Amino acid sequence: MKKLTIAILMTLCSYSLVSAEIGVNVGISGNMGVFTAEAEETMGTAGRRGSERATSVFGYGSIFLEKELGQYLRIGVDYNPEDMDSEATSHDKLCADVGSETATCDQKAKVRFTDLTTFYAAVNVTENFFIKAGMVEVDVITLESLGTGGTYGNTSLEGTMMGVGYNKDLTNGLFVRAEGSYTDFDDLKINGDTGETRFIKANGIAGVAGAISIGKSF
């Protein structure tokens with residue numbers, strides 16, 4: 001996904017240089033979000049399970065490029081070039097695999113999110129207020145140290161985003177924005193690489209975020 005995102009950004013940037021008179025916006029954003037998820041781990045043929053609800057707070061910067069389509073509509077792409085790590089979790093888990101029904105294994109894990117990209121459309125409902133909706137994609141890198149052995153693979157997530165915001169034009173084509181959004185990701189399943197049946201399922205992956213942006217119109 002990273003190569004596709006970079007290609008889109010370069011295409012839009014090149015297009016803006018040769019088509020400045022027909023409306024292209026570029027800018028940067030500071031974002032803060034809170035996301036929650038319910039995760040369940042299933043192990044072994046007996047289907048031993050453990051579940052946990054996690055909440056993580058993220059702060060990150062992003063860049064965006066937009067194309068205006070008339071007076072009221074614009075489409076764009078927002079890309080976060082930074083990696084974001086979730087909070088690390090650690091808990092003891094019964095692991096009969098090691099030869100004792102009462103033995104416990106230390107399970108440590110966290111998740112890294114990379115190449116967070118949002119493709120969106122925004123519609124002006126007044127001169128300053130707008131509504132926004134789009135599709136979100138992010139790569140998910142698992143970082144774990146499991147006393148029960150094995151590792152989990154990496155994957156990607158897709159979701160939908162809805163938001164509202166306020167845009168204020170300044171002088172010389174500059175503008176500032178404030179917006180809030182809600183994102184709901186699809187459910188996730190990651191298989192382990194060990195011989196036994198092992199996988200993690202996550203559902204209810206959703207969160208809210210706020211952003212302050214500054215940009216320039218060409």
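The values are calculated or read from the model by the stated rules, or taken from the named source; none is laboratory data. The model shown is predicted, which means the values in this text are computed figures rather than measured ones. Ideal geometry is used to build each Cβ from the backbone, glycine not excepted, and the neighbour counts take in all protein chains shown. Heavy atoms of the whole protein, side chains included, go into the accessibility calculation; ligands, DNA and RNA do not. Shrake-Rupley method; radii C 1.70, N 1.55, O 1.52, S 1.80 Å.
So if each residue of separation counts as 0.36 nm, and I subtract the Cα-Cα distance between Leu73 and Glu40, what length gain in nm does that give?
7.7 nm
Please list Ser213, Ser181 in order of solvent-accessible area, largest first, computed with a 1.4 Å probe with all protein chains present.
Ser181, Ser213
Sort 123-130, 23-30 by packing, meaning the average of other beta carbons within 10 Å per residue, with the highest value first.
23-30, 123-130
Rounded to the nearest 0.05, what FRET efficiency do Phe129 and Asp83 give with R0 = 35 Å and r taken as the Cβ-Cβ distance? Could you check?
0.60
Among 158-169, 57-68, what's the highest-first ranking by average C-beta atoms within 10 angstrom per residue?
57-68, 158-169
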